[in-house]
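Read the figures in this text as sums done on the coordinates, not as results from a lab. If you're wondering where the values come from, they're calculated on a predicted model, not measured in any experiment. A quick note on method: Cβ atoms are made from the backbone with ideal geometry, for glycine too, and the neighbour counts reach across all protein chains shown.
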Amino acid sequence: MNTPVSITEASCADDYDPDSMPVDKARAFILGFLSPVKGVARVALRSGLGRVLAEDIVSPVNVPAHINSAMDGWALRSQDLAADPAAGLAEIGTSFAGTPFGKVVGKGECVRIFTGGVVPEGCDAVVMQEKAQANGKSVTFNAGVKAGQNVRHVGEDLKAGAVALSRGRLLRPAEVGLLASLGIGEISVYRPLRVVFFSTGDELVSIGKPLAEGQIYDSNRYTLHGLLTRLGCEVIDMGVIRDDPALIEKAFNEAGAMADVVITSGGVSVGEADFVKAMLARLGEVVFWKIAMKPGRPLAYGKLGGAHFFGLPGNPVSAMVTFYQLVRDALLVLQGVNPLPVQPLLKAICTSAIRKAPGRTEFQRGVLYLDDGAFKVRTTGEQGSGILKSMSDANCFIVLADHVGNVDAGAVVDVQVLEGFI
Ligand code: AMP
Ligand code: MG
């Protein structure tokens, strides 16, 4: 668990207006309070997928370990063709991947070679087979053979002793493969983050029970579970907590005692049944709770014992948008990810007209597509913060910065893509 940091409202009141904290400022502000979990575990390489490296990996070997061919063709001495490019060279053997030729190649000689095969001593170039003509054991080559061509040199990808991957790297399939290529079968990774989650709201019903009038199914626990699982967190779901201060207090105490991070949804507004902010102020520390964003305002951030606390708004889209924009990066930092991956902002032509008031950042749900070679984006239609379908239909956020007002159809807007390859 992290050491509690003192983050009283007073300590940061000078720097911002707590009633309309800009999104970027809120994000930077939260990041300032985070340090990675301390716990580290040794795991088998495959189990490292999705985890964060807790050590620098120094390459024990050169990659590649042997000088080898990038092509199927013939390995030769380029100087043999310098004087007479049309000269035939004598093929004296073969180098397969895994079965080297093993002898020195002399003047006027060449060796049949396949991709990954060791380039024999004496040779300095490989000519691909499409640019050569074999006549029995005499081979001629198209003009223009250069020293070094199609040859992969020892250590050209990675030198022995160099840092292959630094502490803080999130391990994707490429990193796992890279570690395998170095012969590394076990690694140190940060322990998973323990995130406790509960929903608040008297109207919420868990799946499996019929709905009475005015009740709705609790969907936030499912989206949050998905978001957290994708991030490799250990998720503890405490279910639905009624809008009852005593029950909320009990849940806060239980959650704060066992979690690195506590996330709640609902009850952060100023309605009569909104107890989350007051409870956080009483049992922990509140840093801020109103962000100049739509959807998403308000959001409570603070500390609860040793845990970081995020009180997300209850509206299903608001909960997701605040998670993506403010919580996700925080969880990555706590998991040890360093540096944080950049979330690219793409430019696209917006085909929908959007009404927007300046003074807050809006995240509209959009569909990004290619039209005649140009990126275009349209909104998913109705953008109400309770309409989860607008998230489900979307593959991106259209990000309209604080200063932006109404957007005309045809204007260029910023877009954040929701899904990548990985
Ligand atoms: P609140 O933030 O508690 O004022 O809730 C705002 C809106 O979101 C209300 O319409 C709630 O019914 C709805 N809501 C709150 N929590 C959830 C949840 N877990 N799942 C689905 N809808 C919710
Ligand atoms: Mg509520």
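Brief remarks on what is shown
- Most mobile of A41, A97, A300 in a GNM of the chain (Cα contacts under 10 Å): A97
- A full extension of the chain between S35 and E130 corresponds to an added length of 28.6 nm, given 0.36 nm per residue minus the alpha carbon distance.
- Cα centroid separation - region 305-334 against region 180-233, whole Å: 12 Å
- Inter-label distance for A162 and A409, nm, one decimal - labels placed 7 Å from Cα along Cα-to-Cβ: 5.3 nm
- With Cα atoms defining each centre, region 239-257 and region 349-383 are spaced 39 Å apart in the structure.
- Residues in region 335-351 reached by a label modelled at A174 [backbone nitrogen below 14 Å; 7 Å Cα→Cβ]: 341-342
- Placing one equal scatterer on every Cα of the chain and applying the Debye formula, the log10 ratio I(q)/I(0) at q = 0.10, 0.13 Å⁻¹ is -0.80, -1.08.
- Taking amide H as placed 1.01 Å from N in the peptide plane, V205 has its amide H under 5 Å from the amide H of I216, Y217, D218, each at least 5 places away in sequence or on another chain.
- All alpha carbon pair distances within region 23-160 were sorted into 5 Å bins beginning at 0; the resulting P(r) in whole percents reads 2, 9, 16, 15, 11, 7, 6, 6, 5, 5, 6, 5, 4, 2, 0.
- Value of [θ]222 nm, deg cm²/dmol, for the chain, DSSP H segments ≥ 4, -39500 (n - 2.57) each, nearest 500: -5000 deg cm²/dmol
- Nonlocal amide H pairs with R191, under 5 Å, H built at 1.01 Å: G39, V40, A41
- Relative to one another, the C-alpha centroids of region 264-303 and region 150-174 are positioned 45 Å apart.
- Full extension of the chain between R355 and V270 gives 28.0 nm of extra length, using 0.36 nm per residue less the Cα-Cα distance.
- 3J(HN,Hα) from dihedral phi, region 34-49, Karplus parametrisation 6.51/-1.76/1.60, rounded to Hz, x for glycine, proline: 9, 9, x, 4, 8, x, 10, 10, 8, 10, 5, 3, 4, 6, x, 4
- Of the residues V261, V276, V240, the one with the fewest other Cβ atoms within 10 Å heads the list, and the complete ranking is V240, V261, V276.
- If R0 equals 25 Å, the separation of the Cβ atoms of D24 and N395 corresponds to a calculated FRET efficiency of about 0.60.
- Tilt relative to the chain, helix 220-230 - C-alpha long axis, 0 to 90 degrees, to 10: 20 degrees
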